[in-house]
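Step one of this worksheet: look at the structure below.
We did not get these values from a lab; they are worked out from the coordinates using the rules stated. This is a predicted model, so every value here is computed, not measured. Here the Cβ positions follow ideal geometry from the backbone for every residue, glycine too, while neighbour counts run over all protein chains shown.
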Amino acid sequence: MRVDTTEVGDARRRVEQLLTELPRDGQEQLSFAQPWELRAFAVAVAAHQNGLYDWSEFQLALIGAIREWEDSQRSRDEPWRYYDRWLEALESLLSGTGTLDGSELEHRAHTILTTPRDTDHHHARRDPVAVDPAH
Amino acid sequence: MTRSEITPSPAVTVPRSEAEIAARMKALEALMIEKGIMTTEAVDRLADIYENEVGPQLGAAVVAKAWTDPEFKARLLANATEACAEMGIGGLQGEDMVAVENTDTVHNVIVCTLCSCYPWPVLGLPPNWYKQPAYRSRIVREPRTMLREEFGHDVPDSMEVRVWDSSAELRYMVLPQRPANTEGKSAAELAELVTRDAMIGVAPVRA
């Protein structure tokens, strides 16, 4: 069989590899690989329970996000991560209902990323953090 | 509404680091809570339920009851959603469940080819490998080979393998065969033998 050395052939082989190699060790046995994935799951269910969308709408958005990723260049460059697709589906539904503003989300995420985790814990606090004065 | 209007941001085409995506999720949750769409307590409670309370031990109890109570088994195979409700088991992604029975001649295995539909109330949330493109495509193309090569589950050629595609409308679970030499065991003891993988159909139940 001729080895296809073109870029397209190479890409095709990589997608084929993604579709045939099934890692099942360690984290693959878990439902959630990272803490944020459990939050993403719970927020999506909470939004549904609070009437923002039918669960079937969420499932359709998820199917769409997965299909789009599988059909795109990204499936050749990025590792498969299910909850990335889940978060995309959640964002698109919440944006579609007007509940979420994309730029507001970007801004908030940036703030979180650029705020050092232990902002308040680097210094010894030698004074009371709050005082309720005597009357 | 067009697709471009609901696409959250152009940054979505760039792979994000784990830290970036974790921050994005944290931001999303914070905004929803600030807008009064949901409360931290509600999100915490849901996370706890699906991480710790809903799991394959519930499905295992259903299987063990079916093994020990023929009338319940008949009801389970006729209408799994109603039969599970008898045991107080039900909820999101469990509205329409079907139990497919393994026999001496038929082995069943479940998949969701499009995403990850799965009967949450009886099996909990699916493991990561169930959501992998590799599982979703190959189990349909060559189930017998995949069961043998990936799961070490050798289904004899004399048996038929049926692959059931769960969807948003209908979710399957496998009712595995009761292992031999378990006649003296109680339903509670039997339930301990039933694994998540057995109810997905990628492993047998061993006594």
Stokes-Einstein D for the protein assembly as shown (37 °C, 0.692 mPa s, Kirkwood Rh from Cα pairs), in µm²/s, comes to 147
Cys residues of the protein assembly as shown with no disulfide-compatible partner (no other Cys Cβ under 4.7 Å) are B:84, B:115
Counting only DSSP loop positions in the stretch B:33-107, the GluC sites (Glu not before Pro) whose Cβ has at most 14 other Cβ atoms within 10 Å are none
Rg/Rh of the stretch B:76-118 (Cα atoms, Kirkwood Rh), to two decimals, equals 1.02
Burial-style ranking of B:56-64, A:92-100, A:76-84, average other-beta-carbon count within 10 Å with highest first, yields B:56-64, A:92-100, A:76-84
Going fewest to most other Cβ atoms within 10 Å around each Cβ, A:107, B:107, B:153 line up as A:107, B:153, B:107
Between the modelled labels at residue B:86 and residue A:103 (7 Å from Cα along Cα→Cβ) the distance in nm is 5.9
For the residue B:49, residue A:57 Cβ pair and Förster radius 22 Å, calculated FRET efficiency rounded to 0.05 is 0.50
The set of residues whose placed amide H lies less than 5 Å from the amide H of residue B:202, leaving out same-chain residues fewer than 5 positions away, is none
Taking the square root of 5λ for each eigenvalue of the C-alpha gyration tensor of the stretch A:33-114, the equivalent ellipsoid has semi-axes, largest first and in whole angstrom, of 20, 18, 13
Sorted by chain and then number, the residues having a modelled amide H within less than 5 Å of the amide H of residue B:107, at least 5 places away or on another chain, are B:160, B:161, B:162
The size of the Cβ-based charge dipole (Lys, Arg +1; Asp, Glu -1) of the protein assembly as shown about the Cα centre, to the nearest 20 debye, is 480
Note on the stretch B:91-173: alpha-carbon gyration tensor, axes a ≥ b ≥ c; rule is a/c under 1.5 for rounded, else prolate if a/b larger than b/c, else oblate; result oblate
Footprinting proxy, B:38, B:159, B:32, B:97: sorted fewest to most Cβ within 10 Å, the residues are B:159, B:38, B:32, B:97
Nearest 10, in degrees from 0 to 90: the angle of helix B:56-68 to the longest Cα principal axis of chain B is 20
With +1 on the Cβ of every Lys and Arg and -1 on the Cβ of every Asp and Glu, the dipole magnitude of the stretch A:33-114 about its Cα centre, in debye rounded to the nearest 20, is 200
Here the whole-number average of other chain Cβ atoms within 10 Å per Cβ of A:71-81 is 2
Amide H neighbours of residue B:173 at under 5 Å, excluding residues fewer than 5 places away on the same chain, with H built from the backbone geometry, are B:98, B:99, B:100
Ratio for chain B, C-alpha Rg to 2.2 N^0.38 Å, reads 1.19
